[in-house]
Amino acid sequence: MTSWWCEHAWLDGGPAERVRIVAGPDSRIVAVATGTDPDPADERLPGLVLPGFANTHSHAFHRALRGRTQGEHGTFWTWRDRMYALADRLDPDSYRTLATAVYAEMALAGMTTVGEFHYLHHGPGGARYDDPNAMGEAVRDAARAAGIRITLLDTCYLRGGIDVPLEGVQRRFDDGDAETWAHRVSMLGDDDGFRVAAAVHSVRAVPADQLDVVVEAAVGDDDQPRPLHVHLSEQPAENQACRDAYGVTPTRLLHDHGVLGEATTAVHATHLTPEDIALLGSSRTTVCFCPTTERDLGDGIGPARALVDAGSPLALGSDQHVLIDLLAESHALEMNERLRSGKRGRFSSAELVSALAPAGHAALGWPEAGRLAVGAAADLVAVRLDTLRTAGALPDQALLVATGSDVDTVVVSGRTVVREGRHLLLECDGSSVADLLADAVAGAWGEA
Ligand SMILES: [Zn+2]
């Protein structure tokens with residue numbers, strides 16, 4: 001048995017004081033008691049303890065672009081050119097090294113699970129590695145080294161645009177057709193900290209007739225649908241190309257091919273029609289917003305409140321990692337809605353916690369994680385309430401002022417990965433995760 005005593009903890013009903021949480025040998029929570037004194041054996045956690053955060057949308061290697069694309073004007077599309085130059089350089093070793101540092105950065109900011117939207121499958125020119133899943137295995141290794149869970153959202157990516165063949169570095173993404181993609185993915189196996197799921201890169205990258213194959217492949221051996229993620233309407237140009245080719249919006253196209261549903265997550269969902277919002281909501285498709293990326297790339301502000309009101313669960317991701325701080329993503333979600341509506345309090349703290357933890361975990365196929373409740377995985381994130389940012393804040397409002405820098409302790413399935421802001425697995429020999437990141441980014445660009 002492992003036990004913790006929390007000054008404050010966010011339970012299903014909201015924040016509670018003096019909370020004891022006990023985990024059994026299987027690292028699931030077996031008891032939660034409020035208003036109690038600590039036992040001598042309890043680990044005491046400071047501040048406000050939240051359930052572990054799920055980073056529902058990540059491209060780990062994009063972290064190497066941080067602070068390297070800001071010196072020029074441009075658009076999403078010019079940023080993508082830099083991203084392709086980086087993608088062209090990576091191999092399984094440099095990908096593993098970079099992703100390990102990036103996932104460690106996530107752990108330090110309270111993330112216990114990451115969804116890696118993974119499309120850099122093959123070698124230069126599209127050559128197959130001896131293990132055709134060598135790149136996917138590299139991110140499995142990386143998450144394990146960083147002490148967090150991962151869902152590998154293995155991404156089907158077949159076209160450079162609707163009716164546009166893949167060219168250049170894009171050939172590294174290419175499996176030829178959806179059946180070949182599905183066969184490769186079927187060779188990956190789950191483990192304790194790793195689950196395989198599927199993704200459609202976008203309606204730009206997967207022809208409509210191949211969508212059905214991906215949907216079929218995203219059903220597990222138990223006949224239950226596995227998570228299926230898709231980039232949706234991040235840019236107006238995608239909507240226009242889809243209308244030109246198919247006569248419908250991307251959301252309608254996905255709906256007509258059976259892609260939407262409770263196991264599906266639409267990422268970005270920025271430029272939607274009222275009908276799109278209704279289709280996503282009524283199908284209970286999760287929407288994953290990545291507000292710090294969407295503002296960094298000038299994408300726009302998606303209709304988050306309207307989607308939730310229509311029935312969609314909401315999750316959060318740090319996507320291209322201009323920032324790795326899921327608390328900051330939740331702030332941006334709320335603040336974007338304030339700027340749009342001229343009103344405050346557009347999302348309740350409970351809704352923001354849902355987006356940070358249980359909704360994201362469910363979207364990544366870990367429904368047992370994301371709550372501080374009996375039966376849930378023992379994932380705990382202690383956020384200090386005595387820092388420069390949080391001192392004086394009320395526990396139930398601290399969520400909108402705390403940042404990832406205020407995270408003190410992170411427990412993943414009962415195992416302490418971060419304590420007093422230090423990564424216990426990777427900062428034990430005097431080097432910091434910042435050092436690991438600096439070396440990995442330099443290595444990725446060939447500067448080391
Ligand atoms: Zn993305």
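Side notes on the structure shown:
- FRET E, pair ARG295, ALA373, Förster distance 30 Å, beta-carbon r, rounded to 0.05: 0.35
- Per residue, the chain exposes 38 Å² of solvent-accessible protein surface, assessed with a 1.4 angstrom probe and all protein chains in place.
- Percent accessible area from carbon and sulfur atoms, the chain, protein chains only, probe 1.4 Å: 49 percent
- Sorting 108-116, 296-304, 351-359 by average packing, meaning the other beta carbons within 10 Å per residue, from highest down gives 108-116, 351-359, 296-304.
- Annotation: segment 36-101 has a Kirkwood hydrodynamic radius of 15.8 angstrom, from the mean reciprocal C-alpha pair distance.
- Amide H contacts of ILE162 (H built 1.01 Å from N, under 5 Å, at least 5 apart or other chain): none
- Estimated 222 nm signal from helices in the chain, with DSSP H stretches of n ≥ 4 weighted -39500 (n - 2.57), rounded to 500: -9500 deg cm²/dmol
- Taking packing as the residue-averaged number of other Cβ atoms within 10 angstrom, the listed peptides 428-440, 367-379 run from highest to lowest as 367-379, 428-440.
- Of all segments of the chain bounded by chymotrypsin sites (Phe, Trp or Tyr not before Pro) found in a DSSP loop with no more than 15 other C-beta atoms within 10 Å, the longest spans 130-444.
- FRET efficiency for ASP221 and ARG344, using Cβ-Cβ distance with R0 set to 51 Å, rounded to 0.05: 0.60
- Amide hydrogen neighbours beyond the local backbone of ALA315, cut-off 5 Å, H modeled: VAL287, CYS288, PHE289
- Note on the chain: the alpha carbon radius of gyration divided by the globular reference 2.2 N^0.38 Å gives 0.94.
- Around the amide H of GLU43, modelled in the peptide plane, lie the amide H atoms of SER3, TRP4, TRP5, all under 5 Å away and 5 or more residues distant in sequence or on another chain.
- Phi to ³J(HN,Hα) by Karplus 6.51 cos²θ - 1.76 cosθ + 1.60 over segment 404-420, Hz, x for Gly, Pro: x, 5, 8, 6, 9, 9, 10, 10, 10, 6, x, 9, 7, 9, 10, 9, 6
The values are calculated or read from the model by the stated rules, or taken from the named source; none is laboratory data. Computed from a prediction, not measured in an experiment: that's the story for all the values here. Note that we place each Cβ from the backbone using ideal geometry, even for glycine, and neighbour counts take in every protein chain shown. When the accessible area is computed, the model is the full protein with side chains, heavy atoms only, and any ligands, DNA or RNA have been set aside. Shrake-Rupley method; radii C 1.70, N 1.55, O 1.52, S 1.80 Å.
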